[in-house]
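The next block holds one structure in the form of structure tokens; read it before the comments.
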Amino acid sequence: MRAIVLHERGTHGPRLTERAVPERPADGVLVRMLAASVNRVDLYMRDSGQGITHDLPLVMGVDGVGEVLETGPGSAFRAGDRVILYPYDFCGRCRHCLAGDQPLCLRARIFGEHIDGTFTEVMAVPERALLPLSPAADLHAAATLGVAYLTAWRMVLGRVPAGPGQVVFIQGAGGGVAHAALQLARMAGARVIVSTNGAGKLAHFEAEGVAAVDYRDPEMVAQVLALTGGAGADMVIDNVGAASWAQSLRVLARGGRLMTCGATTGAHPSADIQRLFVRQLSVHGSTMGSLEEFRRLLAAFESGAFRPPIDSAFPLAEVPAAFARLEAAERLGKIVIAIAEPRGAEPEATAP
């Protein structure tokens with residue numbers, strides 16, 4: 001079988017590689033992968049991987065969908081079933097798993113980070129990390145849910161959810177997680193304001209009925225405050241990090257909350273502690289979500305409550321080109337890796 005394997009750091013590290021089909025573990029299922037999506041963590045693994053326990057070579061890719069090839073006795077799945085991967089291999093026994101908060105599992109391993117991932121033709125997956133996917137679901141759209149949308153779900157609708165009457169401000173809304181947060185916040189009934197850059201993206205969001213400001217504008221904070229009548233936003237979604245942190249704190253309303261899930265521009269901004277305690281702000285860290293949150297996300301997706309925008313799709317052999325597209329300033333929406341067609345299906349056109 002073929003897989004995209006990270007052999008070494010750098011742009012030449014991920015390579016299409018022939019590998020043996022994995023053996024099905026006793027508690028696992030063999031899945032024929034159909035589609036996956038590209039995420040910022042893939043670039044981090046390619047270029048650094050620092051702080052993530054792993055060994056090279058490693059099959060890349062964190063999220064994806066597929067169809068069952070082989071199961072063990074007593075499995076809830078049958079050959080041919082469509083499935084979607086929950087990105088974690090969790091133990092199911094520690095206190096966090098027993099409380100239903102699998103991302104905090106003491107032995108959690110993430111596909112494509114700690115163990116082999118989804119950019120492959122066949123994958124061995126623990127059955128506990130699979131959910132059934134409707135045969136009617138759009139495979140490319142579903143393949144984007146496991147990282148970007150699950151992360152956004154926990155931030156927007158998790159422990160301190162947004163809702164009607166609230167204002168949610170989203171930094172860098174052209175990115176996958178941020179755009180997912182936009183859709184979910186609107187689904188929850190909140191008013192959304194976004195920051196982005198470039199005339200094309202600004203026009204896109206305005207056409208969608210979303211107020212948009214340019215994060216390069218030195219008056220951006222004043223613009224957001226003006227749009228909220230001087231009150232500020234009840235929630236800020238920020239996965240940018242150091243470059244946007246000061247702005248994010250300054251646009252928060254009194255008692256507001258800043259939700260963070262990334263630090264692509266640096267992990268050590270000024271904390272501005274005085275603003276935090278005087279205005280009684282709170283900061284919430286988040287990484288993906290629980291299995292129950294994933295079930296709810298999938299149910300909302302399959303009901304048609306939102307549809308992930310797809311920027312482009314690339315075949316498995318062209319994952320390096322997909323990484324380049326992820327870094328393109330004009331990209332808007334998720335990038336999909338089209339691995340295979342469902343058995344019996346006609347090939348779908350892709351638009352790299």
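The values are calculated or read from the model by the stated rules, or taken from the named source; none is laboratory data. The model shown is predicted, which means the values in this text are computed figures rather than measured ones. Glycine gets a Cβ as well: all are built from the backbone with ideal geometry, and neighbour counts include every protein chain shown. Keep in mind that these areas ignore ligands, DNA and RNA; they rest on the heavy atoms of the full protein, side chains included. Shrake-Rupley method; radii C 1.70, N 1.55, O 1.52, S 1.80 Å.
Give me the Kirkwood hydrodynamic radius of region 250-296, using the inverse of the mean 1/r over all pairs of distinct Cα atoms, in Å to one decimal. Please list the in-between numbers first.
Values: mean 1/r = 0.0793 Å⁻¹.
For region 250-296, the Kirkwood estimate is 12.6 Å.
Positive end of the dipole of region 160-285 (Cβ unit charges, origin at the Cα centre): among A181, S282, I237, the Cα lying farthest that way belongs to S282. Taking GluC sites (Glu not before Pro) across region 84-188, none is in a DSSP loop with at most 12 further Cβ atoms lying within 10 angstrom of its Cβ. Of interest is the spacing of the C-alpha centroids, which for region 161-197 and region 218-235 amounts to 14 Å.
Qualifying GluC sites (Glu not before Pro) in region 1-80, where qualification requires a DSSP coil assignment and no more than 10 other C-beta atoms within 10 Å, comprise E23.
Quick check on the chain: helices-only [θ] at 222 nm, where DSSP H runs of length 4 and up contribute -39,500 (n - 2.57) each and the sum goes over total residues. Nearest 500, please.
Details: 11 runs with 88 residues, N = 352.
Taking each H run of at least 4 residues, the total per residue is -6500 deg cm²/dmol.
What FRET efficiency comes out for the pair E292/H54, r = Cβ-Cβ distance, R0 = 25 Å, nearest 0.05? Efficiency at R0 = 25 Å is approximately 0.40. Here the contact order of region 247-329, divided by its residue count and restricted to Cα pairs under 8 Å and six or more residues apart, works out to 25 percent.
The rule of thumb for compact globular proteins, 2.2 N^0.38 Å, goes into the C-alpha radius of gyration of region 160-285 0.96 times.
What the pair-distance distribution of region 160-234 shows, using all Cα-Cα distances binned every 10 Å from zero, is 21, 56, 23, 0 percent. Of the accessible area of region 160-285, computed with a 1.4 Å probe over protein heavy atoms only, carbon and sulfur atoms account for 54 percent. Shape class of region 1-105 from the alpha-carbon gyration tensor: oblate, with a/c at 1.5 or above and b/c at least as large as a/b.
In this structure, the amide hydrogen of E121, modeled 1.01 Å from its nitrogen in the peptide plane, lies closer than 5 angstrom to those of R2, counting only residues at least 5 positions away or on a different chain.
Binning all Cα-Cα separations of region 71-156 at 10 Å, short to long from zero, yields these whole-percent fractions: 15, 45, 35, 5.
Within region 260-346, the GluC sites (Glu not before Pro) that combine a DSSP coil assignment with at most 14 other C-beta atoms in a 10 angstrom radius are E327, E330. Heavy atoms of the protein chains alone define the surface here; on that basis region 186-320 has 46 Å² accessible area per residue at 1.4 Å probe size. Across q = 0.08 Å⁻¹, the chain modelled as identical point scatterers on its alpha-carbon atoms has Debye log10 I(q)/I(0) values of -0.38, in the order of the q list. Annotation: amide H of F111 within the under-5 Å range of D89, sequence separation 5 or more or interchain, hydrogens built in the peptide plane. Accessible area per residue (1.4 Å probe, heavy atoms of protein chains only) ranks T144, T53, T265 as T53, T265, T144, with the largest value leading.
Computed with a 1.4 Å probe over protein heavy atoms only, the accessible surface of region 13-171 comes to 39 Å² per residue.
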